[in-house]
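A short write-up of the structure that comes next.
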Amino acid sequence: MTKGHFSLDELRACARGYDASLITPVVEHCRSCKKCGDTLAIFLALNRLEEQRSRSTAIRSRTAVGVVAGIAIALAIGFALYQLGGLPADPARDAVTALATTEPPPSAMIRFQLGSAIQASSDDTQPRLQAAGQALAGRQYVQATDELQRLHAELPNSGVIAGYLGIALYLSGDDSARVGALLSAGALDDDLPVALSSKWYLANHLLRTGDEEAARTLLAELATFRNLRGRLSADLLLRLDQLERN
């Protein structure tokens with residue numbers, strides 16, 4: 001413990017059970033320290049995310065095992081830094097974050113993804129989701145977010161809705177840890193196109209919040225796909241490399 005708070009390494013070791021001797025003092029400290037408590041909660045949530053990833057078979061590539069392990073740790077560090085007050089101003093970092101996309105998914109892509117990702121049902125979920133998606137494509141982010149928030153409250157376990165809510169919040173300028181969590185849930189969805197879109201915006205969210213290493217890991221995975229997300233990811237990696245050389 002330094003300056004009255006546990007370090008990120010100590011909190012991660014406690015959350016993952018690497019050091020059982022930390023559990024009691026960390027839990028006692030977190031009862032009265034919101035800063036450490038919030039960070040510990042993020043690590044615990046990411047543990048559950050890793051468990052879900054290990055059971056998911058729909059989003060695999062040749063480097064899937066390494067990507068899962070690397071992203072889980074990098075996301076934890078990035079989210080914890082956000083909770084602890086963000087990163088200091090840095091012109092070089094600003095140049096990197098400026099590369100993060102501000103473009104919504106194409107309308108046709110949204111219609112395809114949302115048309116196939118949720119099975120037809122007797123309620124109004126499908127048309128509401130499609131309407132929110134088209135508002136998103138039209139850059140009506142407040143309208144899209146409001147409807148997706150309602151849908152997420154009704155169907156909290158839907159990776160499709162969580163992913164698209166994360167996309168809407170990201171495009172509206174929200175850089176909170178919640179956006180990363182929603183996009184991570186979308187990245188675990190069984191529908192591959194939805195998962196890839198969520199991963200694309202998650203990579204950009206990480207880039208915009210200063211976690212370039214984690215962003216690069218996701219972009220490298222996405223670049224292996226021969227589709228729009230793959231091409232965009234390869235191009236963004238190239239621009240990051242050019243910026244680094246300059």
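Values in this text are rule-based calculations from the coordinates and carry no lab data. What you are looking at is a predicted structure, and each value in this text was computed from that prediction instead of being measured. A quick note on method: Cβ atoms are made from the backbone with ideal geometry, for glycine too, and the neighbour counts reach across all protein chains shown.
The table below gives the values:
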read-out: Residue order, fewest to most surrounding Cβ atoms within 10 angstrom, among Thr224, Thr97; value: Thr224, Thr97
read-out: Difference of contour (0.36 nm per residue) and Cα-Cα distance, Glu154 to Asp124; value: 9.6 nm
read-out: Stretch gain in nm, segment Asp241-Cys33, where the contour uses 0.36 nm per residue and the Cα spacing is subtracted; value: 70.9 nm
read-out: Residues Glu213, Glu10, Glu244 arranged by fewest to most Cβ contacts within 10 Å; value: Glu244, Glu213, Glu10
read-out: Debye log10 I(q)/I(0) at q = 0.12, 0.16, 0.19 Å⁻¹ for region 92-245, Cα point scatterers; value: -0.46, -0.81, -1.12
read-out: Ascending count of other beta-carbon atoms within 10 Å, so fewest first, for Arg245, Arg31; value: Arg245, Arg31
read-out: Contour minus Cα-Cα distance for Ala92 and Arg231 (0.36 nm per residue); value: 47.6 nm
read-out: Cβ-Cβ FRET estimate between Asp9 and Asp146, R0 fixed at 45 Å, reported to 0.05; value: 0.70
read-out: Contact order normalised by residue count of region 92-245, Cα under 8 Å, 6+ apart, percent; value: 21 percent
